[in-house]
Every structure is written in C-alpha cells, then in structure tokens.
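Chemist: Following this message is one structure expressed as structure tokens.
The values are calculated or read from the model by the stated rules, or taken from the named source; none is laboratory data. Just so we're clear, the structure is a prediction, and the values are computed from it rather than from any experiment. In this analysis, Cβ positions are derived from the backbone assuming ideal geometry, glycine residues included, and neighbour counts consider all displayed protein chains. The protein model used for the area step is the full one, side chains on, heavy atoms only, and it has no ligands, DNA or RNA in it. Shrake-Rupley method; radii C 1.70, N 1.55, O 1.52, S 1.80 Å.
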Amino acid sequence: MRIYDIIRKKRDKEELTKEEIEFFVERYSKGEIPDYQAASLLMAIYLNKMNKQETAYLTEAMMYSGEIIDLSAINGVKVDKHSTGGVGDKTTIALAPLVAACGVPIAKMSGRGLGHTGGTLDKLESIPGFSIEMTAEKFIESVNNIKIAVCGQTASIAVADKKMYALRDVTATVDNISLIAASIMCKKLASGADAIVLDVKTGDGAFMKTLDQSFELAKEMVEIGTAMDRETIGIISDMDEPLGCAVGNALEVIEAIEALKGNGPIDFMNLCETLGAYMLVSSKIATDYEDGVRRINEVLTSGAALEKFKEFVVNQGGDPRVVDDYSLFKKANHIVEIKSDKTGFIDKIEAESIGVSAMVLGAGRETKEDELDLSAGIILKKKVGDFVKEGDTLAIMHFNREEKFEDAKRRLKNAYIITEEKAEPKKLIYGVVTKDGITKF
Ligand code: URA
C-alpha cells in the first residue's frame with residue numbers, strides 16, 4: 001500500500017477502505033508519512049468529503065492510535081460531557097458538581113483553551129492551589145469516593161489526533177464535519193466513559209456556523225458513539241452570543257459558583273439544567289428528561305451541588321474559601337467600563353470577536369506557548385435583546401496588559417451590533433439528536 005495511491009483515490013472522489021484509512025493513521029502517527037502528504041490527503045478529504053463508513057473507520061483508527069483509558073474500576077455508569085467549544089463556556093465547572101451531586105460518577109478529562117475559545121483546565125487553575133495533575137489511581141479513587149475528578153487529558157490518548165489537528169489548524173482543513181466528528185469522538189471513546197452527552201454549539205462563535213451543519217455534526221457523532229456501544233446524545237445549543245456574561249478564566253469560575261448558588265445568568269443556568277438532565281437520563285439515574293430536570297433543581301436549591309463543588313476543589317488541592325470570598329481569586333489591576341456610543345437594542349454580540357478581545361487581554365492563547373493572565377477577561381453587562389442608551393455600560397474589561405487595551409476595546413465595541421428594532425428572541429437549545437433520531441425545538 002502507498003500513501004500516494006490513497007491521496008489519488010480521495011482526490012478522484014473514491015471511497016477509502018478500512019485498511020487504507022488505518023494505514024494512513026498508523027503511519028502518520030509514527031512519523032512515517034510526511035506532513036506534506038498528510039496535508040494533501042486531509043485537503044482531499046476536506047474537498048471531497050468522507051461518507052459515514054469512512055468516518056467511522058477514521059474515528060476507530062484514531063482512537064486506537066493511543067492509550068484506551070479503563071474506567072471499569074469506577075462504580076456506576078460514567079457519563080462524559082463534551083462541548084464543541086465556545087466563548088464563555090464554563091459549563092463543566094457548574095455542571096460536573098450538579099450531576100455528581102445527583103450520584104453520577106464524573107471522571108472528566110479536559111483540555112486547555114486555544115484561540116478565541118477557553119479551556120476548563122485553565123479556568124480551574126485560577127482557583128488558588130487547584131491542581132489538574134493526578135495519578136490514574138488518585139483519579140479513580142476520587143471518583144469512587146466523591147463522584148468527581150477533573151484532570152488533564154494525557155498525551156497518550158488518540159496520538160494521531162494531536163498531529164492531525166495541529167496540521168489541520170495550519171492547512172485550513174479544520175471545519176469539515178467528518179474530520180471534526182472523528183477528532184472529537186476518538187478522544188471521547190478512548191477516555192472510557194459509558195455514555196456521552198455532546199453539547200454541539202451553533203452560530204458565530206462555534207465551528208459550525210449554521211443549524212444544518214450543527215445537526216449534521218451531532219448526527220454523525222451520535223451515530224459513531226452508538227455504533228461503538230456508548231449511549232450518545234447530542235444537544236444543539238446557541239453560540240451566537242457568548243454563554244452567560246463572564247469571559248475569562250477566574251471571572252468564569254466566579255460565574256459558575258454564582259450559578260451553583262442559583263444566581264447565574266439565565267442562559268447559562270438553562271444550559272446546565274438541560275445538559276444535566278440528559279446526563280442523568282444517560283446514566284439511568286433519571287427515568288426521563290423531566291425527572292432529570294427535577295433532580296438537577298433539587299441539588300441546586302438544597303445547596304448539595306455547591307457543597308459538591310467545595311469537596312471537588314478540596315480534593316484537588318484548591319482553596320474552597322473562594323466560594324464565599326471572590327477576593328481570593330487574582331484580580332486584574334485595571335477594571336474599565338466600556339460605554340455604548342449608540343442607543344438601541346442589542347441585536348447581536350459576535351461571540352468570536354468577544355473571544356478574541358478577551359484573548360488579546362491575556363485570557364486566551366494565540367499560540368500554544370502563550371502564557372495566560374488568569375485574572376483577565378470581560379464581563380458583559382448587556383446581552384442580546386437588552387435596550388441600551390448612549391453612555392450606558394456595555395461591558396467591563398479586566399486586564400493587566402495596558403498595551404493591549406485599545407485593540408481589545410475596539411474588538412469588543414465592534415462585536416456589539418445595536419439596532420433600532422428589537423430582534424426576535426433567540427433559542428438557547430435548538431434540538432436534540434439521539435440514536436432514535438432528531439428532535440428540533
Ligand atoms: N474539537 C476537537 O477536538 N477537534 C476538532 O476537530 C474540532 C473541535
């Protein structure tokens with residue numbers, strides 16, 4: 001078999017066999033296929049697409065390119081949640097304790113942020129003392145004892161994906177449904193959970209900009225998960241404006257804590273409730289979605305979820321006093337209100353531009369090597385549908401890097417689209433995809 005022939009076949013729109021896909025993934029992971037040939041094949045896949053069978057073969061080959069985590073020592077049905085990425089997406093930080101407080105074991109491997117989207121690990125590290133490093137034994141023991149642990153994804157999982165993703169990132173081949181589905185699902189499947197709830201973002205700040213593409217991606221991933229015997233559910237949620245109000249690491253953790261106290265922004269609270277209910281259903285703890293919603297609200301109002309969050313923080317070396325004293329988080333030296341130049345209704349807040357603005361302030365990384373400023377970020381004071389008068393505060397910027405302020409401010413102001421007419425309220429959840437089909441809301 002030759003990689004040249006595989007590239008030619010895909011260039012000519014032919015279907016690749018299981019053996020050809022395995023050959024590519026295995027040889028490329030080992031460094032036996034050079035980047036220029038891998039890039040050619042990825043571009044051919046991007047342009048000529050893969051069918052469902054090819055995508056399933058690709059996912060499986062990528063999954064077996066690294067370590068397969070065995071979570072069988074953890075009691076109960078392990079449910080994982082994955083978001084396809086967004087701006088202000090601090091969901092795991094509130095959702096994991098909510099669901100764990102209902103009795104679902106949460107053994108979560110998370111990632112760091114890159115570009116305009118943040119990462120759970122960076123956010124958690126803004127809690128003084130919090131560590132995401134732990135041995136496999138401590139990870140399993142923690143989940144068995146307190147039902148929750150979050151650690152960094154080991155470098156040995158889905159080795160092929162790391163190389164392929166880095167190459168896709170620089171060859172304009174990221175936003176292809178088969179490649180994204182295989183990339184996400186190979187890691188989820190290798191991470192050992194029994195069930196997977198996927199939060200597939202749609203809109204300006206997401207990989208998938210249209211609803212049709214988002215449903216297609218969710219369907220593809222649900223089919224892959226189901227074929228691999230994991231109960232998989234995809235929720236399509238809005239990312240046309242940032243989720244909640246906080247964007248930036250410590251600021252987002254504070255917002256997640258507020259949510260666990262019942263005071264989070266409405267869109268964020270609703271998303272946690274929906275995803276949480278589906279996680280309870282997939283773990284078989286809830287009988288149906290309504291029962292899941294009821295249980296999530298029970299642990300929220302009783303304070304059990306907040307207690308679970310404290311337990312989780314203590315177990316990973318963090319200072320639980322942050323829950324009652326936000327001054328324990330690092331604070332930025334400059335906190336500046338950004339005023340509106342116009343009067344009208346907020347029609348849109350371009351999520352990607354807000355993400356980039358926060359990144360410029362130091363909340364995100366432009367390249368993997370960049371150092372973060374965990375205190376930097378943005379608090380949105382106006383969301384889509386709100387009325388604003390000229391001179392009202394649109395947002396508050398937190399930063400230390402003074403030289404970046406003007407650039408970040410310009411981006412933030414441009415992200416706010418203000419019109420005379422109030423726009424139709426947007427949905428937060430557009431639908432659910434299960435093995436039984438698609439339900440659109
Ligand atoms: N997230 C991933 O892990 N992979 C992709 O290809 C896109 C988003």
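Chemist: Within the stretch 183-198, count every residue that is within 12 Å of the ligand (Cβ to nearest atom) and within 12 Å of the chain's Cα centre (by Cα).
Modeler: Matching residues across the stretch 183-198 total 2.
Chemist: Taking the conditions exactly as written (of a type outside the set (Phe, Trp, Tyr), part of a helix (DSSP H, G or I) and touching a Ser or Thr at 6+ places or on another chain (Cβ under 6 Å)), does Ser214 satisfy them or not?
Modeler: Answer is yes for this residue.
Chemist: Answer yes or no: is there a residue in the stretch 353-360 that is open to solvent by 10 Å² or more (accessible area, probe 1.4 Å), under 26 Å from Asp267 (Cα atoms) and touching a Ser or Thr at 6+ places or on another chain (Cβ under 8 Å).
Modeler: No.
Chemist: Within the stretch 223-246, track down each residue that is within 16 Å of the ligand (Cβ to nearest atom), in contact with a strand residue (DSSP E or B) (Cβ under 6 Å, 6 or more places away or on another chain) and within 19 Å of Ala190 (Cα to Cα).
Modeler: Scanning the stretch 223-246 gives Gly225, Thr232, Gly234.
Chemist: Of all residues being under 28 Å from Gly76 (Cα atoms) and surrounded by 23 or more Cβ atoms within 10 Å (Cβ to Cβ) in the stretch 111-123, which is nearest to the ligand (Cβ to nearest atom)? Just the residue, please.
Modeler: Thr120
Chemist: Could I ask something else about it? From Lys368, Lys427, which residue is outside any strand (DSSP E or B) and farther than 30 Å from Tyr289 by Cβ?
Modeler: None of the others qualify; the one that does is Lys368.
Chemist: Consider Lys108 carefully, then state whether it is within 16 Å of the ligand (Cβ to nearest atom), buried (at least 23 other Cβ atoms within 10 Å of the Cβ) and in the same structural domain as Gly248 (by TED's automatic domain parsing). Steps first, answer last, please.
Modeler: Working: within 16 Å of the ligand (Cβ to nearest atom): yes; buried (at least 23 other Cβ atoms within 10 Å of the Cβ): yes; in the same structural domain as Gly248 (by TED's automatic domain parsing): yes.
Considered against the rule, which asks whether it is within 16 Å of the ligand (Cβ to nearest atom), buried (at least 23 other Cβ atoms within 10 Å of the Cβ) and in the same structural domain as Gly248 (by TED's automatic domain parsing), Lys108 comes out as yes.
Chemist: Further, regarding this structure: Run down Phe312, Phe268, Phe345 and say which single residue is open to solvent by less than 60 Å² (accessible area, probe 1.4 Å), at pLDDT 95 or above and assigned by TED's automatic domain parsing to the domain that holds Lys409.
Modeler: Numbers: Phe312 fails: assigned by TED's automatic domain parsing to the domain that holds Lys409; Phe268 fails: assigned by TED's automatic domain parsing to the domain that holds Lys409.
Unique residue meeting the criteria: Phe345.
Chemist: I've got another one for you. Report yes if some residue within the stretch 200-221 is within 16 Å of the ligand (Cβ to nearest atom), farther than 30 Å from Asp347 by Cβ and under 17 Å from the mean Cα position of the chain (by Cα); otherwise report no.
Modeler: Within the stretch 200-221 (the criterion being within 16 Å of the ligand (Cβ to nearest atom), farther than 30 Å from Asp347 by Cβ and under 17 Å from the mean Cα position of the chain (by Cα)), the answer is yes, since at least one residue qualifies.
Chemist: Is one or more of the residues making up the stretch 142-154 out of contact with any Cys (no Cβ under 7 Å at 6 or more places or on another chain), more than 16 Å from the ligand (Cβ to nearest atom), in a loop (DSSP other than H, G, I, E, B) and in the same structural domain as Thr226 (by TED's automatic domain parsing)?
Modeler: Yes: one or more hits.
Chemist: Taking interchain pairs and intrachain pairs at least six residues apart, which have beta carbon atoms under 7 angstrom, with the first residue in the stretch 171-185 and part of a loop (DSSP other than H, G, I, E, B) and the second more than 8 Å from the ligand (Cβ to nearest atom)?
Modeler: Thr171/Ala39; Thr171/Leu42; Thr171/Met43; Thr173/Leu42; Thr173/Met43; Thr173/Tyr46; Asn176/Ile45; Asn176/Tyr46
Chemist: If you don't mind, another one. Can you find even one residue in the stretch 156-163 that is within 30 Å of Glu216 (Cα to Cα), out of contact with any strand residue (DSSP E or B) (no Cβ under 9 Å at 6 or more places or on another chain), within 14 Å of the ligand (Cβ to nearest atom) and open to solvent by 60 Å² or more (accessible area, probe 1.4 Å)?
Modeler: Yes, that holds for at least one residue.
Chemist: Further question: Can you pull out the residues in the stretch 315-332 that are in a loop (DSSP other than H, G, I, E, B) and either open to solvent by less than 40 Å² (accessible area, probe 1.4 Å) or at pLDDT below 95 (or both)?
Modeler: Gln316, Gly318, Asp319, Phe329, Ala332
Chemist: Now for a separate question. Only one residue in Ile335, Ile378 is in contact with a strand residue (DSSP E or B) (Cβ under 6 Å, 6 or more places away or on another chain), in a strand (DSSP E or B), open to solvent by less than 30 Å² (accessible area, probe 1.4 Å) and not assigned by TED's automatic domain parsing to the domain that holds Ile266. Which one?
Modeler: Ile378
Chemist: Mind checking which pairs have a first residue in the stretch 23-47 that is within 15 Å of Arg168 (Cβ to Cβ) and charged (D, E, K, R) and a second that is part of a loop (DSSP other than H, G, I, E, B) and at pLDDT below 95, Cβ under 9 Å, 6 or more apart or different chains?
Modeler: What qualifies is Asp35/Thr171.
Chemist: Pull up the stretch 85-102, narrow it to residues that are outside any helix (DSSP H, G or I) and in contact with a helix residue (DSSP H, G or I) (Cβ under 7 Å, 6 or more places away or on another chain), then point me to the one that is farthest from Asn176 (Cα to Cα).
Modeler: So, considering only residues that are outside any helix (DSSP H, G or I) and in contact with a helix residue (DSSP H, G or I) (Cβ under 7 Å, 6 or more places away or on another chain), the one farthest from Asn176 (Cα to Cα) is Cys102.
Chemist: From Asp229, Asp199, which residue is closer than 28 Å to Phe441 by Cα and open to solvent by 10 Å² or more (accessible area, probe 1.4 Å)?
Modeler: Values: Asp199 fails: open to solvent by 10 Å² or more (accessible area, probe 1.4 Å).
Residue meeting the stated conditions: Asp229.
Chemist: Any chance you could count how many residues in the stretch 61-72 are modelled with pLDDT of 95 or more and more than 16 Å from the ligand (Cβ to nearest atom)?
Modeler: Residues meeting the conditions: 1.
Chemist: Can you name the residue in the stretch 419-439 that is aliphatic (A, V, I, L, M) and out of contact with any Leu (no Cβ under 9 Å at 6 or more places or on another chain) and is also surrounded by the most Cβ atoms within 10 Å (Cβ to Cβ) among such residues?
Modeler: Filtering the stretch 419-439 for residues that are aliphatic (A, V, I, L, M) and out of contact with any Leu (no Cβ under 9 Å at 6 or more places or on another chain), the one surrounded by the most Cβ atoms within 10 Å (Cβ to Cβ) comes out as Val432.
Chemist: Do the conditions hold for Ala136, that is, is it in contact with a helix residue (DSSP H, G or I) (Cβ under 9 Å, 6 or more places away or on another chain), small (Gly, Ala, Ser) and within 25 Å of Gly76 (Cα to Cα)? Before the answer, list the steps.
Modeler: Details: in contact with a helix residue (DSSP H, G or I) (Cβ under 9 Å, 6 or more places away or on another chain): no; small (Gly, Ala, Ser): yes; within 25 Å of Gly76 (Cα to Cα): yes.
No; evaluated as a whole, the condition is false for this residue.
Chemist: Could you identify the single residue in Ala101, Ala158, Ala149, Ala107 that is in contact (Cβ under 8 Å) with a residue 40 or more places away in the chain and under 30 Å from Phe23 (Cα atoms)? Full working, then the answer.
Modeler: Values: Ala101 fails: under 30 Å from Phe23 (Cα atoms); Ala149 fails: under 30 Å from Phe23 (Cα atoms); Ala107 fails: under 30 Å from Phe23 (Cα atoms).
Being in contact (Cβ under 8 Å) with a residue 40 or more places away in the chain and under 30 Å from Phe23 (Cα atoms) holds for just one of Ala101, Ala158, Ala149, Ala107, which is Ala158.
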